[in-house]
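Just below is one structure, and these are the notes that go with it.
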Amino acid sequence: MANQFPGDFALREVNLYSHSNEKLDIKNLVLEINLYESILSSNLQATLTIEDVGQNLITHLPIFGEERIQIIIASDGKYYDLNYYIYKIDGRSMKEKDQVYVISCVSIEALRNENFKCCERIDGKKAEEIIPDFLGRDGFSTKSLDADTTVFPFDMYVTNWRPFDFFNWLSTRSVPEYKKDSIGFLFYETFDGYKFKSIDKLIDEPVYPSPKVKYKYFQGNTKGVGLDTDDKYRVMSYNLPKAFNLYDDLRRGAFAHACIYLDVNRGTYRSFRTTVDDFWDSSSHLEDAKPYQSRGSAQLLDRPSRFIYRPSTISTWGDWEEMDDTETNNIDDMNKMFEKAFYRYYFLEYIHIDIAVPGDLRNRVGNVIDISIPDPRKSKSNRVVEDKRVSGKYLVSSIKHTILNRSELRTYITLSRDTYKGDSINNTEVFGRQINLDGQN
């Protein structure tokens, strides 16, 4: 049974363009196509499983990388003209004249990113000004950029970085105009182009497709796919790969850690301690219940579980001449904000759920959706009730669209969030405090 509405999806074309721009229709050779988006990826990716019957394209086209794959899809009244570039072929198996192999593709910018370098001085520019400037240089990309605004400009040297590495570095240190006491951006690509988005603003956006529509899993899952709203946004199956892992969280310093900033120019350092509670109230969250206790038997926030060493060159963030060279504990405010970002990014994916839904090419990573999962226990009235810990709002962190046999579309979504739905755990707030390495508070 297809996981989309009748007539809602059609694979129109799959074309392979050689280095001489020769067009070859390979639609009938395709067994499976997977299209990927992720908020943690600066480029789109795709894989095509090819059944090559008697043509041996790899040798005779030939295919040796950088060839363009064009995939044209009609879905929900819209045409998607998607272009990827081959970077790998693997899984090749041969039997007489027939062979099967997997072609792996990426956006062309992913390949260009490996040999484009950023090396210059930047003075007084904000991230939303820097990124489009670099994207437009030397033919790197012609794609659109949807960028949120930031508070602080950067004064710094860019030391021979790849563009995407640089953009992600800016993301972790950018403060949104939307919520000036928070921090954290994401740079990623969707079918619509590039996004440079505030995490807080993404979380606060209305849910997809509308605040009145939930993705629902029906107990027994026997309801057939039809044309009404409930069926269209039905959760076909779901899986929770991890509930929590306190050992891993403690080893990473997810609840409390101490940072030692080393000023390599002056030969000085400063150390201070932070806890997750230092950032929690100043940032947006998808639901209300924290996934930890500020005051619990394990004393998660009472002392740092990890020491992190970070280089910090004072001259990176401003005019060296205005700094006081006699000051031994100088540290720039931007790197202090980075400590908030450490918790922001860690807890952004603290809770995961994987769901399969009817094929939907309109959904995008970065959307917020509301899901309803039934509680396995029956209520006293023997009615199905919602599992409030698992249900609720999630951020779409990655999507895989799978096209099977050129006729069936399935959509698999990984959802993440930093909170549980339901009542908050009763706890006492604990705030971070500065400490020295010699143990004096």
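The values are calculated or read from the model by the stated rules, or taken from the named source; none is laboratory data. Since the model is a prediction, treat every value here as computed from it, not as a measurement. For neighbour counting, all protein chains shown are included, and Cβ atoms are generated from backbone atoms with ideal geometry for every residue, glycine included.
Which one is nearest to residue 205 (Cα to Cα), of the residues in the range 371-403 that are surrounded by fewer than 16 Cβ atoms within 10 Å (Cβ to Cβ) and of a type in the set (A, V, I, L, M, F, W, C)?
Ranking the candidates gives 385 first.
Of the residues in the range 32-55, how many are crowded, with 17+ Cβ neighbours inside 10 Å and either at pLDDT below 95 or under 16 Å from residue 93 (Cβ atoms) (or both)?
4
Is it true that some residue in the range 239-258 is assigned to a strand (DSSP E or B), out of contact with any helix residue (DSSP H, G or I) (no Cβ under 9 Å at 6 or more places or on another chain), closer than 30 Å to residue 360 by Cα and modelled with pLDDT of 90 or more?
yes
With the structure loaded, tell me whether residue 301 is over 24 Å from the mean Cα position of the chain (by Cα) and either at pLDDT below 90 or in the same structural domain as residue 341 (by TED's automatic domain parsing) (or both) or whether it fails that test.
Details: over 24 Å from the mean Cα position of the chain (by Cα): yes; either at pLDDT below 90 or in the same structural domain as residue 341 (by TED's automatic domain parsing) (or both): yes.
Considered against the rule, which asks whether it is over 24 Å from the mean Cα position of the chain (by Cα) and either at pLDDT below 90 or in the same structural domain as residue 341 (by TED's automatic domain parsing) (or both), residue 301 comes out as yes.
Hey, residue 280 hits all of (1) aromatic (Phe, Trp, Tyr); (2) at pLDDT 85 or above; (3) in contact with a strand residue (DSSP E or B) (Cβ under 7 Å, 6 or more places away or on another chain) but one; which does it fall short on?
The one condition residue 280 does not meet is (3).
For the range 56-84, which positions are buried (at least 17 other Cβ atoms within 10 Å of the Cβ) and either on the phi > 0 side of the Ramachandran plot or aromatic (Phe, Trp, Tyr) (or both)?
Hit for the range 56-84 is 84, nothing else.
Taking the range 91-112 only, how many residues are at pLDDT 95 or above and exposed (fewer than 12 other Cβ atoms within 10 Å of the Cβ)?
Result for the range 91-112: 0.
Go through the range 231-260 and count every residue that is closer than 26 Å to residue 215 by Cβ and of a type in the set (Val, Ile, Thr).
1
I'm checking my understanding of the structure. Among residues of the range 51-105 that are over 26 Å from the mean Cα position of the chain (by Cα) and polar (S, T, N, Q), which one is farthest from residue 411 (Cα to Cα)?
Result: 59.
In the range 259-292, what residues are surrounded by fewer than 20 Cβ atoms within 10 Å (Cβ to Cβ), of a type in the set (A, V, I, L, M) and out of contact with any Gly (no Cβ under 7 Å at 6 or more places or on another chain)?
Answer for the range 259-292, where residues must be surrounded by fewer than 20 Cβ atoms within 10 Å (Cβ to Cβ), of a type in the set (A, V, I, L, M) and out of contact with any Gly (no Cβ under 7 Å at 6 or more places or on another chain): 260, 262, 264.
Could you check, for the range 58-65, whether at least one of its residues is under 28 Å from residue 141 (Cα atoms) and at pLDDT 95 or above?
So far as the range 58-65 goes, no, none of its residues is under 28 Å from residue 141 (Cα atoms) and at pLDDT 95 or above.
Take the range 148-162 and flag every residue that is crowded, with 16+ Cβ neighbours inside 10 Å and out of contact with any Lys or Arg (no Cβ under 8 Å at 6 or more places or on another chain).
155, the sole residue that qualifies.
If you go through the range 107-143 one residue at a time, how many are over 16 Å from residue 161 (Cβ atoms), of a type in the set (A, V, I, L, M, F, W, C) and in contact with a Lys or Arg (Cβ under 9 Å, 6 or more places away or on another chain)? Outline the logic, then answer.
Here is the first cut: in the range 107-143, the residues over 16 Å from residue 161 (Cβ atoms) are 107-108, 111, 123-124, 126, 128-129, 132, 136, 139, 141-143.
So of that shortlist, the ones also of a type in the set (A, V, I, L, M, F, W, C) come out as 108, 111.
Within this subset, residues satisfying the condition of being in contact with a Lys or Arg (Cβ under 9 Å, 6 or more places away or on another chain) are 108.
Summing the residues that are over 16 Å from residue 161 (Cβ atoms), of a type in the set (A, V, I, L, M, F, W, C) and in contact with a Lys or Arg (Cβ under 9 Å, 6 or more places away or on another chain) in the range 107-143 gives 1.
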